[in-house]
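What follows is one structure encoded as structure tokens, with my remarks underneath.
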Amino acid sequence: MHAAQNSHNTVAYPGFPYPKTHPDSLAAMAILHGLNPAPVEACRVLEIGCNEGANLIPMAYAIPTSEFVGFDLAGVPIERGQERIHDLGLANLRLFQADMLSLDAAALGTFDYIIAHGFYAWVPERVGERMMVLFGELLTPNGIAFVSYNAKPGGHLRMMIREMMLDHVRDIEEPTRRMAESIAFLQFLVQSRPEDDPTRLLIQNQLEHMEKRSLEGGFHDWLTEAYHPASITELVEHARSHGLEYLSEAVLPLPHDPTYRAEVRSMLESTCGGDIVRQEQKLDYLRARMYRETLLCRADRVIDRDFTAENLRRLMLASAVESSAGDKPGSKVYTIPAGFRMESHDAGVMALFAELEANWPRPMSLRELEPRLSGTGFRLDNEGVTLLIHLISAKFVSIHAWCAPVAAGITTHPRASACARLEAGTREFAPTLLHGMLKLEDAVLINFLKLLDGTRDRTALLKQMQEQFPELTEERTRAGIESSLRLLFRAGMLEA
Ligand SMILES: C[S@@+](CC[C@H](N)C(=O)[O-])C[C@H]1O[C@@H](n2cnc3c(N)ncnc32)[C@H](O)[C@@H]1O
């Protein structure tokens, strides 16, 4: 039996919904770059190495009119996924066990979106080669492929850590013990070096990621048999040999990225000219990049690398900001769920956020927004485009090509996504209709979520909760119901 099949059958990989792989996100990035991707509500999606379908199942649930296919070498997680599909009655998703190397790809048809998350750099090279062959053969003319991988040059640093881990646990068989002992060894290593030592800081930084992961996840990420970081240059050369081209990363770089610095831009222009891949490679040296999530399209597509008002007008915008009064007179502070805040007294920005905040969790098209914002100072001229791109890169605004089936408000008989209700209590998180996840640690919230099947109003919900949690006062239960409904609504878990 193949090694990967073995380990994924015996050690469950903790899969999640990955928002950046969602067809909405892929389509929005493609539109921003001037392409014409398939509509999210009428597309075909393939996930390679989908494991138990933790990414595909919530997608297929939220987009019932599109078709989803996933396969994996490991049969045990595929069976787990098939059970969930059955429980949810999803007719638009098929998961099956197959080895990439012997798959009858032609029988699958073509796909508008192909996802390979956590795959390319963690499988033997011939399997990675086959992935690129499939991208080349199965992608529709306007199709988009997503590939994540350990990137160079930072991948070399990770290789150093991985080699030390592998050597330390070479006599240990059991996978989670291998990971636990590896972590303990790295902790010892960190403690035994001076505080400002660069190697200590490097290992400490990676340790922090490992400590947040489960031992099972860490084992698959760090101690797999195959581990091949690739530079952006290597990845794109590989893609080009199969008729594909570099589109962009899955999201815009964050505002502190070196790409926005004037002296970096002038170095890039003088050393790389307009070659985007050479530029990205140089930037990766500055970033000591360790991981990438890259989008590819067909080589003959015409890509607009300068963001234009015309392309932005084809998109929808959303924002999870919550506003409060700012420190300066007339200004407002905007906070996003990740905790970042910004203050603005610009009338155009404040008007934009007022519209988006009132509409959350639904997106609004720029065509709809522009007339509503006229006269507020918000204009999609060059300055307005730059400002909007800045808000998008800072994650205060997200771009969309599709409206998730989320409720516009909290209804009298609230219904949470069946997908979330199924997962509640079986895992420590539940997927949202926005393809995010909500951590569910509290038994009261888990039980409450399970009650939200659309048949109960507030009175019925109160009665059920009082029966389940008699130790809580009525006042506390009532307040808990309201705050939980607001939490679930804002997370995008309540259905339209
Ligand atoms: C690190 S896991 C990533 C799983 C999932 N894509 C995610 O990101 O959550 C890699 C997956 O690739 C699968 N895999 C490895 N080699 C494969 C092959 N030859 N054919 C199909 N799947 C394979 C493994 O079984 C495993 O489920």
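Taken together, the values in this text are just the output of simple stated rules run on the coordinates, not laboratory data. Small disclaimer: the values here were computed from a predicted structure and weren't measured. Reconstructed Cβ throughout: ideal geometry from the backbone, glycine too, with neighbour counts over all protein chains shown.
Numerical summary
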| item | result |
| --- | --- |
| Alpha carbon convex hull of the chain, volume per residue in cubic angstrom | 182 |
| Selection from MET132, LEU373, VAL147, by position along the positive dipole direction of the chain (Cβ) | LEU373 |
| Reachable aspartates and glutamates, given that their alpha-carbon falls under 13 Å from the alpha-carbon of LYS212 and they are not under 8 places away in the same chain | ASP221 |
| Size of electric dipole in segment 309-400: Cβ of Lys, Arg +1 and of Asp, Glu -1, about Cα centre, debye, nearest 20 | 180 |
| Whole-Hz couplings from phi, Karplus 6.51/-1.76/1.60, listed for segment 257-271; x for Gly and Pro | 5, x, 4, 8, 7, 4, 5, 6, 4, 6, 4, 5, 5, 6, 9 |
| Over segment 154-222 - Rg/Rh using Cα atoms and the Kirkwood inverse-distance radius | 0.95 |
| Likely footprinting exposure, TYR227, TYR18, TYR120, fewest C-beta neighbours within 10 Å first | TYR227, TYR18, TYR120 |
| Gain upon complete extension [ARG367, SER483; 0.36 nm per residue less C-alpha separation] | 38.4 nm |
| Largest-first principal axis extents of the Cα set of segment 418-491 (Å) | 33, 20, 18 |
| Lys, Arg +1 and Asp, Glu -1 on Cβ, resulting dipole of segment 154-222 about Cα centre, debye, nearest 20 | 120 |
| Share of pairwise Cα separations in segment 309-400, more than 21 Å, in percent | 23 |
| Listed residue (ASN36, ASN205, ALA91) projecting farthest to the positive dipole end of the chain, Cβ model | ASN36 |
| Sorted by Cβ density within 10 Å, fewest first, the residues LYS282, LYS328 | LYS328, LYS282 |
| For segment 392-444 and segment 240-312, distance of Cα centres in Å | 31 |
| Candidate aspartates and glutamates - alpha carbon under 15 Å from LYS332, same-chain residues fewer than 8 apart omitted | GLU322, GLU343, ASP346, GLU355, GLU357 |
| Neighbour-count ranking [beta-carbon atoms within 10 angstrom, fewest first] of PHE146, PHE185, PHE378 | PHE185, PHE378, PHE146 |
| Table column - 3J(HN,Hα) (Hz), segment 473-485, Karplus curve with 6.51, -1.76, 1.60, x for Gly and Pro | 5, 4, 4, 5, 5, 4, 5, x, 4, 5, 5, 5, 4 |
| Those aspartates and glutamates that a straight Cα-Cα span of less than 20 Å connects to LYS463, excepting residues fewer than 8 apart in one chain | ASP442, ASP453, GLU471, GLU474, GLU475, GLU482 |
| Positive dipole terminus of segment 418-491, leading residue within ALA430, ALA491, PRO470 (C-beta point charges) | ALA491 |
